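Please read the structure below before turning to the comments.
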Amino acid sequence: MKGTINMKSRLLTALICIAAFVSGINAQQGGMGAATPSSTKGAVIKGKAPVNKKLLKVKLPKAQEASLKNGLRVVVLESHLLPVFSLEMVVLSGGLSDPADMRGLAGATATLLREGTAKRNSRELSEQLDTIGATFNANSGVSSFQTSINTSGLTDNLDQILDLFAEVIRTPKFPVEEVERYKSRTLAQQPLLRAQPQFLAQERLSQAIYGAHPASLLVAPAEALKKITAADLARFHAQNYVPNNATLFITGDVTLAQLMPKLERLFGDWQRGTVPALTIPAVPAQAATMIHLINRPGSVQTVFNIGSLGIDRTDPDYIAMSVMNRILGTGPSSRLFLNIREDKGYAYSVGSGFNASKYRGTFTAQSPVRTEVTEGTMREFMNEFKRIRDEAVSATELDNAKRAIVGNFALSLENPQGRLQNIITQKLYNLPANYWDTYPQKVEAITAADVQRAAQKYIDLGHLQIVAVGDAAKTREVLAKFGTVEEYDGDGKPVRNAAAKQ
């Protein structure tokens, strides 16, 4: 018996490694991230992408749905290729539900779920999960509208894993010593984050775009974290972790008929609750273009993060934005990569991306460059922004971008978890039921005019916020050629009368 458990654990470990490897490849090829460092110097671009020219037509397997009497929704996507399953509970409360003076409460609640329950302490829970080769993760961002709690494992261990999952979801104890340990650990990590120029650049850009909106935060403020108590976590959990505020999404070697009696046993007596209504604050009006220079004396690099307000997930321009961003800044054939890295040799990595949620996200472009090419890089960023706004993209660029996006989508369908994430997105944002069935056709329908319109609307040159992290003594004057410069210290605090210090 022990040998069987060990063999199954090794199998699960191998499967997880394979999944991580495939996910890493897909992440590198994704349509919204920064460019990969693969070089195309000297390559001849023949206008051919490794995707059949026939339009991809898919008829995706439909998920099965049911609900418990207490309002807990259940969505099951069967996949019987391997004896594994994964489960994600989405609670429709996250960082946006935090009290204004206690940002980070939802994230702390999620993180500390497994640090002790009515039956087991943190160590005992970890040992139980390790023994059966199960994973468990929970998270909620400071500007997220939901909390996600995930578990996975072998279907042979389904009953044990579900028992532990329900225990953690329903009866966390938030021991005072674990809460204090979490606060100390999180507060100790913040200075390390602030030592990273990429973090400083992203933080300042978010603050410049969002002002007092929760989306301006990358991490919970230290003063808010210090206030959080075990009682606060228990209160947030009691108010928000209720069945009528949650959905269970499950994929793998399981069936709805098999699961429902188990879920009824574990969650059927979970009491409904009245969840505080979520009001998402309006995104503020955008300020005029400003250059934000964060001084890091002696730095040999300038880290750029340039952006403007983008779109929400249900915006009709979402797919046009995806195609535009692919052409501009995703992958080694993108304009930013071919210009700033390959032609000019200013940077090793450069790219653009965008995000979208229940509120308007951001469009951003970023690159770390050598200090001495700060001016040249800034100029080329602006040249590429203006070019994609002012000129229609070529037929070859458009065709390659669309086929790459559809190709990546096709690859994602090979992964049951990828298909499940598509379903979660469709449910969370109330997208049409056939959204993913018709996704390739939607991409194919994008025209050069659509791309240009998206660029003109969302690469907003009049409100573009430009963040540069580097040695102010060496970059202040060159950046001033492009606009008004506001200088900050390494803690993000404005430095007044910066000009007088020159």
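Just to verify a number: FRET efficiency for Asp130 and Lys62, C-beta to C-beta distance, R0 = 35 Å, to 0.05? Don't jump to the answer; show the numbers that get you there.
Values: r = 35 Å, r/R0 = 1.01.
For R0 = 35 Å, the calculated efficiency reads 0.50.
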_Charges at C-beta only: +1 for Lys and Arg, -1 for Asp and Glu. How large is the resulting dipole of the chain about its Cα centre, in Debye rounded to 20?_
500
*asked:* Output the 0 to 90 degree angle, nearest 10, between the alpha-carbon long axis of helix 197-210 and the longest principal axis computed from the alpha carbons of the chain.
replied: 90
*Find out how many positive minus negative residues lie around Ala224, taking Lys and Arg as positive, Asp and Glu as negative, among other residues whose Cβ is under 13 Å from that of Ala224.*
0
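What ranking do Arg235, Arg123 get, fewest neighbouring Cβ atoms within 10 angstrom at the top? Numbers along the way, then the final one.
Numbers: Arg235 13, Arg123 10.
So the ranking, lowest neighbour count to highest, is Arg123, Arg235.
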*Set of aspartates and glutamates with alpha-carbon distance to Lys57 below 12 Å, sequence-local pairs under 8 removed*: Asp437, Glu444
_In whole Hz and in residue order, list the ³J(HN,Hα) couplings for the stretch 432-446 that follow from phi through the Karplus curve 6.51 cos²θ - 1.76 cosθ + 1.60, θ = phi - 60°; x for Gly and Pro._
x, 4, 9, 4, 7, 4, 9, 4, x, 5, 5, 5, 4, 6, 5
*Return the long-range amide H neighbours of Ile294 (sequence gap of 5 or more, or a different chain), with a cut-off of under 5 Å between placed amide H atoms.*
Ala468, Val469, Gly470, Tyr488
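Can you bin the stretch 76-173 into rounded, prolate or oblate? Criterion: square roots of the alpha carbon gyration tensor eigenvalues sorted a ≥ b ≥ c, rounded for a/c under 1.5, prolate for a/b above b/c, oblate for the rest.
The shape class here is oblate.
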*Amide N proximity, the stretch 329-366 versus Asp315 label position 7 Å along Cα-to-Cβ, cut-off under 13 Å*: 353-364
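Under the 0.36 nm per residue contour assumption, what length would be gained going from the current alpha-carbon distance of Arg73 and Leu192 to full extension?
Values: separation 119, 0.36 × 119 = 42.84 nm, distance 4.05 nm.
The span from Arg73 to Leu192 would gain 38.8 nm if fully extended.
How much of the DSSP beta bridge set in the stretch 290-501 is antiparallel, as a percent to the nearest 5?
Working: 20 of 30 bridges.
Taking every DSSP beta bridge with both residues in the stretch 290-501, the antiparallel ones total about 65 percent.
If r is the Cβ-Cβ distance from Asn415 to Phe482 and R0 is 35 Å, what FRET efficiency results, to the nearest 0.05?
Values: r = 43 Å, r/R0 = 1.23.
Efficiency at R0 = 35 Å is approximately 0.20.
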*Using DSSP, restrict attention to beta bridges with both residues in the chain and report what percent are antiparallel, rounded to the nearest 5.*
75
*Enumerate the aspartates and glutamates that Lys427 could reach by cross-link, defined here as Cα to Cα under 12 Å, with residues fewer than 8 away along the same chain left out.*
Glu65
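Suppose R0 equals 35 Å. What FRET efficiency, 1/(1 + (r/R0)^6) with r the Cβ-Cβ distance, do Glu264 and Ala285 give to the nearest 0.05? Write down the numbers at each step before the final one.
Details: r = 50 Å, r/R0 = 1.43.
Efficiency, rounded to the nearest 0.05: 0.10.
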_If I model a spin label as a point 7 Å beyond the Cα along the Cα-Cβ vector, how far apart are those points for Ala234 and Asp101 in nm?_
2.1
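Could you put His213, His463 in order, starting from the residue whose Cβ has the fewest other Cβ atoms within 10 Å? Numbers along the way, then the final one.
On the way: His213 19, His463 16.
Ranked by crowding around the Cβ, least crowded first: His463, His213.
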*the stretch 64-267 - Debye-derived log10 I(q)/I(0), Cα point model, q = 0.12, 0.14, 0.16 Å⁻¹*: -0.67, -0.87, -1.07
_Label point distance in nm, Arg370-Gln271, each placed 7 Å from Cα along Cα→Cβ_ = 6.7
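Using 0.36 nm per residue, how much length does the chain from Lys54 to Ser184 gain when fully extended, once their Cα-Cα distance is taken away?
Result for the pair: 41.2 nm of gain on full extension.
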*Inter-label distance for His463 and Glu177, nm, one decimal - labels placed 7 Å from Cα along Cα-to-Cβ*: 5.2
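Since every read-out is calculated from the coordinates, none of them should be taken as a lab result. A quick note: this is a predicted structure, and the numbers were derived from the prediction, not measured. As a convention, Cβ positions derive from the backbone with ideal geometry for all residues, glycine included, and neighbour counts pool all protein chains shown.
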